[in-house]
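Here is the structure we will look at, set down as structure tokens.
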Amino acid sequence: MPLGHRTLSHGIVAFGFFNIDCDCLLLNNYFFFASDFCAWVKKWAEQGPPAQGSETIYVIDDHHDVGNLRWAMEGFAHPGFLSEVYERFPFPQEPEGFKQQPEGWQVRAEVEPLLQKYAAVEDMKVVFDQQKGLVFLGDYIFDRPGFRELLDYVWRGGMPLWRDEIRPPYVLDMIEAVRRSPHWPFQGMCREY
């Protein structure tokens with residue numbers, strides 16, 4: 001489930017998986033797939049972080065269009081993207097089934113059209129400011145430790161953790177690139193992985 005993550009620009013914001021059966025992530029009102037996020041991080045780790053760049057994401061500005069995560073998880077009919085996702089992929093009946101599924105990327109073809117129904121496609125500005133030690137992901141500003149928390153979250157599989165500690169190949173590829181990276185945002189970042 002999404003957890004509160006510290007930003008320098010907006011205080012604590014939600015970041016994370018919101019459904020165990022899909023690999024979509026949210027960063028407050030930004031939505032993108034974990035496979036894309038990991039590919040971005042891998043690219044930044046291998047090629048160097050962009051001083052000024054962008055990545056394509058989905059943005060839902062109206063909170064009614066996002067929906068209510070708690071109500072969606074509990075199965076209440078409520079309008080919004082999250083509710084539609086939970087209609088297709090309901091919360092597990094048994095607590096032991098509450099684990100992030102490493103196969104979640106396989107349902108993107110079902111989840112993305114729902115997202116497109118509610119969200120606008122936008123370019124998220126990406127800036128790595130080495131002098132200040134800051135990472136800008138759209139409107140959200142992170143210091144190095146805050147940025148690392150995002151990577152740690154995806155590595156762990158969020159709050160339920162990856163089922164059987166099996167990570168998707170895209171997560172393993174991201175962490176391997178981060179481990180090898182000579183670039184400043186990633187140096188010394190992966191000792192625990």
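Filter the range 150-162 for residues that are crowded, with 17+ Cβ neighbours inside 10 Å and in contact (Cβ under 8 Å) with a residue 60 or more places away in the chain and give the result.
Leu150, Leu151, Tyr153, Val154, Gly157, Gly158, Pro160, Trp162 - these are the residues of the range 150-162 that are crowded, with 17+ Cβ neighbours inside 10 Å and in contact (Cβ under 8 Å) with a residue 60 or more places away in the chain.
If you take just the helices (runs of 4 or more DSSP H) that sit entirely in the range 83-186, which of them hold at least 1 residues that are of a type in the set (Val, Ile, Thr) and touching a Pro at 6+ places or on another chain (Cβ under 9 Å)?
169-180
Among residues belonging to the range 46-86 that are modelled with pLDDT of 75 or more and at positive phi, point out the one that is surrounded by the most Cβ atoms within 10 Å (Cβ to Cβ).
Gly80
Any idea how many residues of the range 1-12 are in contact (Cβ under 8 Å) with a residue 60 or more places away in the chain, hydrophobic (A, V, I, L, M, F, W, C) and over 20 Å from Leu115 (Cα atoms)?
Looking only at that region, the number is 2.
Being closer than 22 Å to Phe17 by Cα and surrounded by fewer than 20 Cβ atoms within 10 Å (Cβ to Cβ) is the filter here; which residues of the range 171-188 pass it?
Leu172, Asp173, Glu176
Restricting attention to the range 92-109, which residues are under 25 Å from Asp61 (Cα atoms) and either without any contact (Cβ under 8 Å) to a residue 40 or more places away in the chain or over 18 Å from the mean Cα position of the chain (by Cα) (or both)?
Ala109
Do we find that Lys132 is in contact (Cβ under 8 Å) with a residue 12 or more places away in the chain and not β-branched (Val, Ile, Thr) in this structure?
no
Of the residues Tyr140, Tyr118, which single one is hydroxyl-bearing (Ser, Thr, Tyr), open to solvent by 20 Å² or more (accessible area, probe 1.4 Å) and touching a residue at least 24 places away in the same chain (Cβ under 8 Å)?
Tyr118
The values are calculated or read from the model by the stated rules, or taken from the named source; none is laboratory data. Owing to the predicted nature of the structure, the values given are computational and were not obtained by experimental measurement. Cβ: placed from backbone, ideal geometry, glycine included. Neighbour counts: every protein chain shown. Areas reflect the complete protein model, heavy atoms only, side chains present, ligands, DNA and RNA absent. Shrake-Rupley method; radii C 1.70, N 1.55, O 1.52, S 1.80 Å.
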